[in-house]
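The values are calculated or read from the model by the stated rules, or taken from the named source; none is laboratory data. Since the model is a prediction, treat every value here as computed from it, not as a measurement. When we count neighbours, we look across all protein chains shown, and the Cβ atoms used for this are built from the backbone with ideal geometry, even at glycine. What goes into the accessible areas is simple: the full protein's heavy atoms, side chains included, and nothing from ligands, DNA or RNA. Shrake-Rupley method; radii C 1.70, N 1.55, O 1.52, S 1.80 Å.
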Amino acid sequence: MGRKTGVREIGREFYSNTKTNPTMSKPTSNDGILATLAESPTSRRSFLRSASLTAVGGALVACGTGSAKTAASEKAATTAAPVAPESGQTGGTMGAHDTVKPAAAALSAADAMDAMHEKGIKAFPAKTAVYGNQLLEPKLVDGVKVYELTASDMQWETEPGKMVTAMAYNGQVPGPQIRVREGDRVRIVLKNQLKESTAIHFHGLEVPADQDGVPFITQPPVKPGASYTYEFTVPNAGSHMYHSHHNAAMQVGLGLLGAFIVEPKNKAKEPKVDQDIVFILNDGAHGYTFNGKSFPATQPIVAKLGQKIRIRYMNEGMMIHPMHLHGMHQTVIAKDGWDQPAPWKCDTLNIAPGERWDVIVNCTNPGTWAFHCHILPHAESQHGMFGMVTALVVQK
Amino acid sequence: MGRKTGVREIGREFYSNTKTNPTMSKPTSNDGILATLAESPTSRRSFLRSASLTAVGGALVACGTGSAKTAASEKAATTAAPVAPESGQTGGTMGAHDTVKPAAAALSAADAMDAMHEKGIKAFPAKTAVYGNQLLEPKLVDGVKVYELTASDMQWETEPGKMVTAMAYNGQVPGPQIRVREGDRVRIVLKNQLKESTAIHFHGLEVPADQDGVPFITQPPVKPGASYTYEFTVPNAGSHMYHSHHNAAMQVGLGLLGAFIVEPKNKAKEPKVDQDIVFILNDGAHGYTFNGKSFPATQPIVAKLGQKIRIRYMNEGMMIHPMHLHGMHQTVIAKDGWDQPAPWKCDTLNIAPGERWDVIVNCTNPGTWAFHCHILPHAESQHGMFGMVTALVVQK
Amino acid sequence: MGRKTGVREIGREFYSNTKTNPTMSKPTSNDGILATLAESPTSRRSFLRSASLTAVGGALVACGTGSAKTAASEKAATTAAPVAPESGQTGGTMGAHDTVKPAAAALSAADAMDAMHEKGIKAFPAKTAVYGNQLLEPKLVDGVKVYELTASDMQWETEPGKMVTAMAYNGQVPGPQIRVREGDRVRIVLKNQLKESTAIHFHGLEVPADQDGVPFITQPPVKPGASYTYEFTVPNAGSHMYHSHHNAAMQVGLGLLGAFIVEPKNKAKEPKVDQDIVFILNDGAHGYTFNGKSFPATQPIVAKLGQKIRIRYMNEGMMIHPMHLHGMHQTVIAKDGWDQPAPWKCDTLNIAPGERWDVIVNCTNPGTWAFHCHILPHAESQHGMFGMVTALVVQK
């Protein structure tokens, strides 16, 4: 369960799938990024400092110490009012308002609120012990890819020190990522260590009915202590999911879910991308999470300027989440694993429960970009950002 | 109000519209199915047994009696652990987990929960006395199709024995289905037997303003005991609705709603389908319902392998409902009665209040497929499936 | 803060942007409407009377006085039952139901409910002192368009006499409309008169990261009494927004939001329209609002028969709002400022938080058309219509 600290780990889940999946062609374009990250300083704070002050034009600003200064501040200095001494700001863009002098009490309250906000952002990406959505390597048995998924009760850390009651596959929330190719023969062995029965539904995969995972319709429930084996030839490509289909409002809410990615047989149809990212939304008993973590413990996406990334959104929750990326648009290419008739662009993509949407982001705008659900109470409170917030860092 | 029991009735609302609507060409492709169903045993249990054990490859499994055995179980037997005696399962896919032996208490609790789940599924499709969405035959008066809709208070049975306070047109929730052709002259006579005023809005139809049904904007409210007549030439084809537009949050929530289907003048533009199914979602005071019924009283769609079915989703509720079909994808062809620029595929289609979406399902995958809203708390609790769950049965 | 009364003001926000925006070509098609409105009687009631009885075929009906009579009523008279004396209706379409005589108590209760409903509709469009979304004229400084936005606490009137706690830019909810052209150089000077810090994010604009407005990521928070200047070259066309990105769940909910419209450099790509309307949805502490107002204080859209109008929906709330227009369909042309691959039609368009959708309505159907969110509890209660309701008036 242990996990090495440091920059190497940042974005690991995003890169690892293309690095390690034996069914995919050997990636080359990511190697540069990974090498760079590997050579970076190893503390999180160092990473952020490096990202904001050296590598990234508009990245995280060191604030609250009177040193805030942005490119705009210099450009705008001639039109801005002089510095408000009581605000503690020295940047040219900041100035006392010319007609109203705020009460000291208001400033003090504002400072207290801002300190909470700053603390959250400075903590990002906060380290937690275990991450979900790790690529699961199959065992090859007579040409069949065999995956073992053990469902068990556990405590899950959604952000540093916040432990929630969970049900997990292989100790991960989301469960380990399964990534196969269209036409592969796969066997999934479910072992049930829960205190209740369960079953796995392969959401989006057009498997034979007896592999569909719905207790009392297509199979018996898998009792505590029992195991059950699914086996099928992977029928259709795309971004799919696997999750419990028994007492599912609770079991999926508590973590029995994961990504089931199917590469198409004909790779020529796939967009060429530098990163292929699974982005699972949830909103149940664990709070508002991205890949099982809440801000500031969500993981950033780190890309190099000019890279093209693919994001596979999957909503395993009970609510819509309109995902808003700052700074760059998203080009929607597929819905539930099926190509859209024509790609279309947006900056805010509404993801409903059970849906998967694939988008391409061309990382053409350097900087650290907020990336969050635009139902604002899912992302921010008076105490600062929380829940469904992460960042896309585009490094120059 | 009486309704004959038996298989003939199952899916009747789905077939009847193409059978009996005088404005439609005589269907031929459904006759085979109807004949088969007519010859089937007449009890619901027999139907299920027949569907699951003879006609349908992966249909409902008889479980909990130690006889569960699926195709996969045999294939997978070599990799699965031996049977867990305490689980009562003998299928080759089930086995005791090799490291953890569950406590008897956990198994007992699991058995109790599973029994509730099984009971619900075994009860499906549970019979209720009256069904909504029955095709309403017009009277032809001087070339005008005349429909009478009487709004009244009633008790409505959403599942066996569960009576809810309702307002209904002609004693049905949803109200009777109106199915006409573009260019038809229609007259709708509303009779108000409610204790409050009402009015009918033809949602999606581009009627003249004075037929739009909004009290105090386009007409006076129709008082208790009064009647009101709408008349117009049907302007635009597609899947539309009629519903109250007076105190509508309550009146529509209580059942004053129905489908208003308009066949296009030019039938060449229509997809050729074997079944044309109206699927109305609601989530008000009656709970989570499909065509006025909650699982296990929802009605399955029964198709033959290779058939093509059209589903017309209509949301008359207050919440989104992302409709997930297992086993096969849905091809979206129209929104609110208007063709999409190009068809597109999905397995989970988000339907918002007031929207109608038309999809095609090619029934290529035999079996009994769960078909439900993917907001899981609308479909399942610890006590089993409920609410927005039905099945698509594809018979070999 | 004062605002002239009268018809001239009705729909002012809708017309003013095309009238006064110096970056747009001089409109000609609206002049006729504006002139007509300017010559109309100046009281709201007069407007309504004129709209319903003279200009608009199927407009607001004077009801409840026994004089209700519509075109349909005459056509339908032969088939309708005679007048129910106790209902107080004399129109030919109304009649006593032939089998049930309602109790006097029911009629009395119905009359009481109807009177509340009528009162709301008769009050529409109810006048309030100040309107948001007024076009903000820039100061031109060395070729830069300079906008000043002052954020302050205030009381905001969402409907006559209903004051809510607000945070507003320049005393308006929504804040003033900014309308520029792709490639313009703009400077936005934010002055913070709030009691807490704030910042502005330009939602949808692909600005450099240091202008993105996210405290502690791209800039320091702007403290009470301080000012901050943003400056950038407008990068991408479309319907965008600006709003607070600090304590935003509260600040945006209380009103710190506005439209940021960017005309494309190449005007040939734009649809030619007679009106260009910004339609901002919100659902926070202010209730359910369109452009900061709740029915009956929402403003109608008034168009001439044959006009083509563009509506730019923007959702600044926390919930979806499926916007349903009666009588005519909406042709969707853009999402978040980006053209859709092909236009598509609907009558109910689901708008999620953070999204913008641009639609075209061809005003081909004369009358007064209800236009509302189809989550009915956002639009109507037993006390009548409220919240997210307005009308599109198509004048012959």
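Annotation: amide H-H contacts under 5 Å for C:Arg181 (H modelled 1.01 Å from N, sequence separation of 5 or more, or interchain): C:Glu263.
Please label the shape of the range C:350-396 as rounded, prolate or oblate, based on the square roots a ≥ b ≥ c of the eigenvalues of the alpha-carbon gyration tensor (a/c under 1.5 means rounded; beyond that, a/b larger than b/c means prolate, else oblate). Display every interim value, and only then the final one.
Working: a/c = 3.50, a/b = 1.16, b/c = 3.02.
It comes out oblate by the Cα gyration axes.
Ranked by the mean number of other Cβ atoms within 10 Å per residue, highest first, peptides A:214-226, B:348-360, A:261-273, A:299-311 order as A:214-226, B:348-360, A:299-311, A:261-273. Nearest chain A C-beta to the A/C rotation axis, reported as residue and distance in angstrom, is A:Ile320, 4.
Over all residues in B:169-180, what is the mean tally of Cβ atoms on other chains that come within 10 Å of each residue's Cβ?
That works out to 0 on average.
Measuring label to label, 7 Å along Cα→Cβ, what does C:Pro271 give against each other copy in nm, shortest first? Result, one decimal in nm: 2.6, 2.6.
First compute the accessible area of the range C:98-228 with a 1.4 Å probe, then give the percent of it belonging to carbon and sulfur atoms.
Details: 2380 of 4150 Å².
Looking at the range C:98-228 in its full context, I get 57 percent from C and S.
Backbone geometry of the range C:391-396 corresponds, through the Karplus equation with coefficients 6.51, -1.76 and 1.60 at θ = phi - 60°, to 3J(HN,Hα) couplings of 9, 9, 9, 9, 8, 5 Hz, x marking Gly and Pro.
Return the average number of partner chain Cβ atoms within 10 angstrom of each residue Cβ along peptide A:381-388. Could the numbers behind the result be given before it?
Values: counts 4, 5, 1, 4, 9, 0, 0, 0.
Per-residue shielding by partner chains comes out at 3.
Each other copy places its own label point for B:Ala105 at 5.5, 5.5 nm from this one, sorted shortest first, where the point lies 7 Å along the Cα-to-beta carbon line. A 1.4 Å probe run over the range A:125-261, with the rest of the protein chains in place, finds 23 Å² accessible per residue. Interface area, chains B and C: about 5000 Å² of buried accessible surface, summed, with a 1.4 Å probe and ligands, DNA and RNA left out. Taking the label point 7 Å along Cα→Cβ, C:Leu140 and its counterparts in the other copies are spaced 7.0, 7.1 nm apart, in ascending order.
Would you please classify the overall shape of the range A:234-277 from the alpha carbon gyration tensor, given that a ≥ b ≥ c denote the square roots of the eigenvalues, rounded means a/c under 1.5, and beyond that prolate means a/b larger than b/c while oblate covers the rest? Judged from the Cα gyration tensor, the range A:234-277 comes out oblate (a/c at least 1.5, b/c at or above a/b). Each residue of the range A:145-156 was assigned a 3J(HN,Hα) from its phi angle through the Karplus curve 6.51 cos²θ - 1.76 cosθ + 1.60 (θ = phi - 60°); the sequence is 7, 9, 10, 9, 10, 9, 8, 8, 6, 6, 9, 10 Hz, with glycine and proline shown as x.
Between the range A:112-137 and the range C:201-263, how far is it from one alpha carbon centroid to the other, in angstrom? Centre-to-centre (Cα) distance: 24 Å.
How much net charge surrounds A:Cys346 when only the other residues with a Cβ under 15 Å from the Cβ of A:Cys346 are counted, with Lys and Arg +1 and Asp and Glu -1?
Numbers: positive: A:Lys335, A:Lys345, C:Arg312, C:Lys335, C:Arg356; negative: A:Asp347, A:Glu355, A:Asp358, C:Glu206, C:Asp336, C:Asp339, C:Glu355, C:Asp358.
Local charge sum for A:Cys346: -3.
For the range C:216-293, a crude dipole built from +1 on the beta carbon of Lys and Arg and -1 on the beta carbon of Asp and Glu, taken about the Cα centre, is about 80 debye to the nearest 20. Which of C:Lys195/C:Lys293; B:Lys162/B:Lys195; B:Lys267/C:Lys304; A:Lys122/A:Lys162; C:Lys162/C:Lys304 have a Cα-Cα distance over 29 Å? From C:Lys195/C:Lys293; B:Lys162/B:Lys195; B:Lys267/C:Lys304; A:Lys122/A:Lys162; C:Lys162/C:Lys304, over 29 Å: B:Lys267/C:Lys304; C:Lys162/C:Lys304.
Please compute the Kirkwood hydrodynamic radius of the range A:200-290 from all pairs of different C-alpha atoms, in Å with one decimal. Each step should come with its number before you reach the end.
Working: mean 1/r = 0.0669 Å⁻¹.
By the Kirkwood definition, the hydrodynamic radius is 15.0 Å.
For the peptide C:257-267, the mean number of other protein chain Cβ atoms found within 10 angstrom of a residue's Cβ is 0. Averaging the Cα positions of each part gives two centres, and for the range B:349-372 and the range A:377-392 these lie 34 Å apart. For the range B:140-289, a/c is not less than 1.5, where a ≥ b ≥ c are the root eigenvalues of the C-alpha gyration tensor, and a/b does not top b/c. That puts it in the oblate class. Report note on the peptides B:386-396, C:150-160: ranked by the mean count of other C-beta atoms within 10 Å, highest first, their order is B:386-396, C:150-160.
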